[in-house]
Amino acid sequence: MNNLISSLFFGVKNPEFLQGIQQAISNTSPEGIYAGDNIFTIGRNLSFLDNEAFVKAWKMHAETQVEHAIVWRIYVLSWLAKSVLARKVPGDFVECACYKGISARIICDYVDFINSDKHYYLYDLFEHDDAMTHHAMPEHSTTLYEQVKARFATFPNVTVTKGFVPQILDEVAPEVISFLHLDMNNAAAEIGALERLFDRLSPGGILVLDDYGWRAYREQKLAEDPWLAARGYDVLELPTGQGLVIK
């Protein structure tokens, strides 16, 4: 029986909401329930929970309640990354705002990235101060950069870079990209990254916009829609809140 039930719903302050979710669960089919990450489904196959290789990687590296609740999002990334490799799309992998590197590490394990012919470029500031336009994350710190580098210490084809996006992309970035994941919670930074990297994305390459479907980050959608439309692309909003573009 495939279920994943979490109490993690972003932006929910009234405990009666979670009580309502529990009541709904108790009054429906006990199978195919996903509750968490602002998703509530019933009667779904949730096939990714049957994927032993993915579940092994996820359980090995997910450390927090959030990282467990967002498993559907992480699987979307993992499936797309595997698709890029299977289709032999030219170019390297890029993630802007990797935070702790959890999703990237799960991807690396799932697709056996160490034995691929690609390189993975991870970017973040890794710490926060009040002068920054993006909001802080719980584990931002002066030591996070070294922790993330240690997470990928056994991967010679993963580079972790500390710096402001998009400026740091002028110094360190691949010339050809097959998989591009933006998760910066910041419209100007994401447009800046697109300005520098989208033309490097190979035909058949994948762009994932993590915050695209979330009302709290609607400014990003409003900036990215016209930018991509001007180049002939529409973004597919996924139920996970991610936006998907295939080049």
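Values quoted throughout were computed directly from the atomic coordinates according to the rules given, and no laboratory measurement underlies them. Keep in mind that what you see is a predicted model, and the values were worked out from it rather than measured. Because the Cβ atoms are built from the backbone with ideal geometry, glycine has one as well, and the counts that use them run over all protein chains shown.
The relative contact order of the chain, computed from alpha carbon pairs under 8 Å that lie at least 6 residues apart in sequence, is 16 percent.
Between Glu16 and Ala216, the simple label model (points 7 Å from Cα in the Cβ direction) yields a spacing of 2.2 nm.
What spacing in nm lies between the two simple spin-label points modelled at Trp227 and Leu244, each 7 Å away from Cα in the Cβ direction? Spacing of the two 7 Å Cα→Cβ label points: 2.1 nm.
How much length is gained on full extension from Glu237 to Thr142, taking 0.36 nm per residue of separation minus their Cα-Cα distance?
On the way: separation 95, 0.36 × 95 = 34.20 nm, distance 3.45 nm.
That works out to 30.8 nm of additional length.
Taking only Cα atoms, what is the 0 to 90° angle, nearest 10, from helix 15-26's long axis to the longest principal axis of the chain? Taking Cα atoms only, the helix is inclined about 70 degrees. A convex hull fitted to the Cα coordinates of the range 1-102 yields 115 cubic angstrom per residue. Evaluate the Debye formula for the chain with equal point scatterers sitting on the alpha carbons, no solvent, and hand back log10 of I(q)/I(0) at q = 0.07, 0.09, 0.10 Å⁻¹, in q order, two decimals. With no solvent term, the Cα-only Debye profile gives -0.23, -0.39, -0.49. Summary of the geometry: the range 168-244 and the range 23-53, compared by the centres of their Cα atoms, lie 29 Å apart. Residue by residue, the range 109-122 carries 3J(HN,Hα) couplings of 5, 5, 9, 6, 5, 4, 9, 8, 9, 10, 10, 10, 10, 10 Hz when phi is fed to the Karplus relation 6.51 cos²θ - 1.76 cosθ + 1.60 (θ = phi - 60°); x denotes Gly or Pro. Among Lys162, Lys118, a tally of other beta-carbon atoms within 10 Å of each Cβ gives an order, fewest to most, of Lys162, Lys118.
Across the range 62-69, rounded Karplus estimates of 3J(HN,Hα) from the backbone phi angles (6.51 cos²θ - 1.76 cosθ + 1.60, θ = phi - 60°) give 5, 10, 10, 4, 4, 5, 7, 5 Hz, Gly and Pro being marked x. 3J(HN,Hα) couplings calculated from phi for the range 197-205 with the Karplus curve 6.51 cos²θ - 1.76 cosθ + 1.60 (θ = phi - 60°) are, in sequence order, 10, 4, 5, 8, 6, 5, x, x, x Hz; Gly and Pro show x. When the helices of the chain are scored as -39500 (n - 2.57) per DSSP H run of n ≥ 4 and the total is divided over every residue, the value at 222 nm lands at -10000 deg cm²/dmol.
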